[in-house]
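Worksheet: the structure to be examined is printed underneath.
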Amino acid sequence: MAGGKVYTFEEVRKHNDRKDCWLIIAGKRESVQTACIEYFHEKHSELLGPECLGLSSYRFFLQVYDVTPFMEEHPGGDEVLLASTGKDATADYEDIGHSESAKEMMLQYCIGEVDVATIPAKITYTVPMESSPKKAETSSGTWATLLQLTTPLLLLVLAFALQSFLKAKTE
């Protein structure tokens, strides 16, 4: 989507939860008179193709996709999409091997592109805000596990006490 709204990397990075999820994925390449984006030479040379390597006839756009409406429908689940927020998700997207229909479907979610100059050299990953409810689930899961482990022990103690009581009563 060359020519659409241009977002900074930090602006896109803020959209990282189930109710507001944006992804950065390399989009179409377009013939231009300038050199290929250096970022792609470093990070995605496998996507450039031989006609671009060493030549200066194509430019790539890191496109921004608002996939919020697609979160529940995504075949891999929303966690896959959330794990790809806050970074260039091109490699994640390409590794899956999406179908042509999936690639066509992406067009409806494209809202602009990222200003490549705003992408930091080293990206630190921040945990999406909706990870905190998972901790609550984990603590309740800990109690369930503890209960599963102690229940047989309590039953064994109860059985031993009952046996001792009945043995003492008969004597």
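The values are calculated or read from the model by the stated rules, or taken from the named source; none is laboratory data. Source: prediction; values computed, not measured. As a convention, Cβ positions derive from the backbone with ideal geometry for all residues, glycine included, and neighbour counts pool all protein chains shown.
Tell me, yes or no, whether segment 19-40 has at least one residue that is modelled with pLDDT of 75 or more, part of a loop (DSSP other than H, G, I, E, B) and not aromatic (F, W, Y).
First, the residues of segment 19-40 that are modelled with pLDDT of 75 or more: 19-26.
Okay, now just the ones that are also part of a loop (DSSP other than H, G, I, E, B), so 19.
Checking which are not aromatic (F, W, Y) leaves us with 19.
Yes: one or more hits.
Cβ-Cβ below 8 Å, separation at least six or inter-chain, first residue in segment 68-80 and touching a residue at least 12 places away in the same chain (Cβ under 8 Å) and assigned by TED's automatic domain parsing to the domain that holds R13, second of a type in the set (S, T, Y) and in a helix (DSSP H, G or I): which pairs?
These pairs meet every condition: P69/Y109; F70/Y109.
Any residue at all in segment 72-87 that's more than 19 Å from the chain's Cα centre (by Cα), more than 17 Å from N16 (Cβ to Cβ), at pLDDT below 90 and part of a loop (DSSP other than H, G, I, E, B)? It would help to see each step written out before you state the result.
As a first pass, look at segment 72-87 and keep what is more than 19 Å from the chain's Cα centre (by Cα): none.
Taking every residue of segment 72-87 in turn, none turns out to be more than 19 Å from the chain's Cα centre (by Cα), more than 17 Å from N16 (Cβ to Cβ), at pLDDT below 90 and part of a loop (DSSP other than H, G, I, E, B).
Is it the case that segment 51-64 has a residue that's within 15 Å of G27 (Cα to Cα), at pLDDT 90 or above, assigned by TED's automatic domain parsing to the domain that holds R18 and surrounded by 13 or more Cβ atoms within 10 Å (Cβ to Cβ)?
yes
Quick one: which of S164, S101 is of a type in the set (S, T, Y), at pLDDT 85 or above and outside the structural domain of W22 (by TED's automatic domain parsing)?
Details: S101 fails: outside the structural domain of W22 (by TED's automatic domain parsing).
Every option except S164 fails the conditions.
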